[in-house]
Each structure stands twice: as C-alpha cells, then as structure tokens.
Amino acid sequence: MSNTTTTNSPQDTSAPTTVDGRTLAGRLGQHRNILVPAVAVLVLVVYFQTRTDAFITTNSLQNVLNQMAFLTVLALAGTFVILIGGIDLSVAANATLAGILIATWIDKFGGPLAIAMVIVAGAVVGLVNGLITTLLRVPSFLVTLGMMSILDGISNTISKGGPVSYNSSLLQILVNDSWIPHVPNGALIAILLTLGATVMAFGTSFGRHMYAVGGNERAAGLCGVRVQRTKLAVFAVAGAAAAIAGIIFTGQASTGVPGGAGPSLLNSIAAVVVGGTALSGGVGGPHRTLLGALVIVLLSAGMDLTAVDPYTQLVIKGVVVIGAVALTIDRRRYGVIK
C-alpha cells in the first residue's frame with residue numbers, strides 16, 4: 001500500500017512544490033513583467049469594446065497596426081540603449097531627420113540607395129552618441145538630450161522648416177500596401193524587426209554582452225566583455241533602428257515632416273517600460289517592447305474612439321509610465337532613490 005501522506009526530505013523539492021500555491025505565486029511574480037502587459041492588452045480590448053462598437057472593426061484594427069508599426073520600431077531603438085543601462089532621448093529626433101532625408105534623397109538617388117544611406121546616417125548619429133558617452137564619459141541622458149536639439153536644428157535647416165514632398169511610390173509599397181491581407185506592410189516590417197532583434201538579443205554573443213553590461217558593467221568588464229565596444233555597437237544599432245522608424249513614418253505621412261516624430265518620444269519610452277524592460281538595464285528585451293507598444297497604441301486608440309479629452313489622455317499616459325517604471329525598476333541596484 002502506498003503512502004499518500006508524504007513528508008519530503010529537505011532534498012526532495014520536486015512534484016509537491018509545482019502545485020504549492022506559494023510557489024506558483026512566486027513563479028508568476030518572477031514573470032510579472034511579461035504577464036502584466038499581456039493582461040493589460042486583454043483588459044483594454046474588453047473594456048473599450050464594451051464602451052464602443054467601433055473598437056474591434058477591420059478599419060480600427062488596421063489603424064492600430066499602422067500606429068504600432070512606427071511606435072514599435074522607434075521603441076526598439078530605445079530598448080537597446082536601455083538594456084545597457086543608458087537612455088537615448090534622441091531616437092525621435094533621429095527618426096524625424098531620417099524622414100526628412102528619405103524624402104529629400106529618394107527621388108534623387110533612387111529608393112534602395114536612399115534607404116541604405118538614411119539607415120547609415122541614423123547609425124552614424126547613434127555612433128556619435130556612443131562615442132561621446134564612452135570617450136568623454138558623459139551620461140547618455142545629457143548626450144542624447146543635446147543631440148535631440150542638434151538633430152531638430154538640422155532637420156529644420158534641410159527642410160527649411162516646411163514639409164518635404166517626394167514622387168517615388170516605393171515607400172507607399174513598402175509601408176502602406178499589404179502583402180498579407182489587412183496587414184499593412186509597415187506592421188509586418190515591425191514584427192520581423194522585433195523577431196530579428198529578439199534573436200540578436202538572446203542568440204548571439206553581442207546580445208549576451210549587452211545584457212551583461214546592463215546588469216553589472218564592472219563585473220562584465222572583469223569577465224572579459226569589451227564594455228566600451230559593446231556600448232558603441234548598441235548606440236549605432238539604436239540609431240539605425242530609429243532611422244527605419246523615420247522611413248516608416250514618412251511612408252505613412254507621404255511627406256517628410258519637420259518635428260513629425262518628436263511627440264512620439266514619450267510613447268516610445270512608455271512602450272519600453274510598459275513592456276517590462278527595466279530602466280535600470282539588464283532586464284527585458286525587444287519581444288517585450290512589441291507588447292508594450294501594443295498596450296500604448298490600444299490605449300490611445302480606445303481613448304480616441306471614446307472621445308477622451310486629449311489633455312486627459314496625456315495625464316493617463318503619464319500615470320501609466322510612472323506605474324510601469326515603479327513595477328519594473330530594480331531597486332536593489334540603487335542605494336538611494338533620488
């Protein structure tokens with residue numbers, strides 16, 4: 001006869017612990033950064049669908065996908081820098097400059113060459129951010145804050161402060177047409193970039209070094225990680241991603257707009273932290289940013305459809321950002337919270 005009232009030895013921690021309520025709660029708590037935004041998506045869909053019948057329609061969902069495309073790629077740019085414990089406040093200004101450049105160059109140089117040149121230009125901007133941060137040891141917050149102003153000035157100088165139009169149909173095909181029915185190509189590009197970035201983050205030595213630098217820069221250096229080189233590469237990749245976001249933005253707007261991507265900076269940071277990537281670095285990833293961007297876009301679309309006052313929307317988004325930071329920040333890494 002088997003014994004049904006087992007008493008586990010200290011070493012026996014197998015089957016019973018998997019059904020123990022406290023253990024299950026602990027495991028859920030470990031994954032709260034990914035569970036919270038996933039639950040938020042479901043709650044937002046259910047809530048706004050009960051408030052308006054226009055929330056789940058083909059046109060509404062296509063609008064969500066269009067907004068998600070640009071915001072996801074812009075937020076991916078910010079994610080890389082945040083993962084190494086820094087921040088890039090110039091991603092939106094970099095995207096704006098890229099939009100002006102692609103509108104200026106696409107008819108002159110042809111689509112593929114112009115796109116390549118714009119992405120390289122974005123990477124160079126990121127590389128300059130990285131060089132100033134690493135060589136001059138200036139905090140990334142201050143470097144990229146200054147770079148944001150510089151890029152806005154350059155964008156307005158090139159565009160003479162007005163919109164820049166172009167004749168090429170390439171961006172229309174790349175961004176607004178649908179290779180998959182009802183799915184704008186821009187959204188498809190954003191999803192593919194997220195998959196590629198996730199593979200890079202978790203499946204390459206560069207990705208592991210990125211997390212190591214973000215987790216503990218000094219320890220990473222002692223373990224042989226080339227910290228400065230990793231930071232430079234991360235800033236360059238972030239700049240390239242911001243440029244791609246700018247190309248998508250200009251394709252959606254059908255014109256290069258000075259300052260066009262600037263208002264999206266807060267939303268891009270919100271998408272990163274709401275997705276569960278910690279501002280303290282070393283925790284999170286590109287896959288979470290896609291989920292965070294979906295939360296922000298659903299929230300914005302739902303508030304628009306239910307006619308929430310625009311100023312109230314800003315308040316709600318600010319509360320969401322503060323709440324997300326409070327949930328994701330690693331307080332053990334800070335002796336004092338200032």
Points 7 angstrom from Cα along the Cβ direction at residue 208 and residue 316: gap in nanometres?
4.4 nm
Can you list residues from other chains, or at least 5 along the same chain, whose modelled amide H is less than 5 Å from the amide H of residue 285?
277
The ³J(HN,Hα) series, computed from each phi in region 197-208 with the Karplus coefficients 6.51, -1.76 and 1.60 at θ = phi - 60°, rounded to the nearest Hz and given as x for glycine or proline, is 5, 5, 4, 4, 5, 9, x, 10, 5, 4, x, 5
Between residue 84 and residues 5 or more places away or on another chain, the pairs with built amide H atoms under 5 Å apart involve 282
Per residue accessible area of the chain, 1.4 Å probe, in Å²
49 Å²
Would you kindly derive the ³J(HN,Hα) couplings of region 57-71 from the backbone phi angles with the Karplus curve 6.51 cos²θ - 1.76 cosθ + 1.60 (θ = phi - 60°), listing them in order in whole Hz, with x for Gly and Pro?
9, 4, 5, 5, 5, 5, 5, 4, 5, 4, 5, 5, 4, 5, 5
HN-Hα couplings for region 276-282 via Karplus (6.51, -1.76, 1.60; θ = phi - 60°), in whole Hz with x for Gly/Pro, come out as x, 8, 6, 5, 6, x, x
Taking the mean number of other Cβ atoms within 10 Å as a proxy for protection, how do you rank 88-101, 131-144, 250-263, 53-66 from highest to lowest?
88-101, 250-263, 131-144, 53-66
About its Cα centre, what dipole magnitude does the chain give when the only charges are +1 on Lys and Arg Cβ and -1 on Asp and Glu Cβ, stated in debye to the nearest 20?
960 debye
Leaving out ligands, DNA and RNA, and with a 1.4 Å probe, what % of the accessible surface on the chain is carbon or sulfur?
66 percent
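The values are calculated or read from the model by the stated rules, or taken from the named source; none is laboratory data. Here the structure is a predicted model, which is why all the values come from computation and not from measurement. When we count neighbours, we look across all protein chains shown, and the Cβ atoms used for this are built from the backbone with ideal geometry, even at glycine. Only protein heavy atoms, including side chains, enter the accessible area calculation; ligands, DNA and RNA are left aside. Shrake-Rupley method; radii C 1.70, N 1.55, O 1.52, S 1.80 Å.
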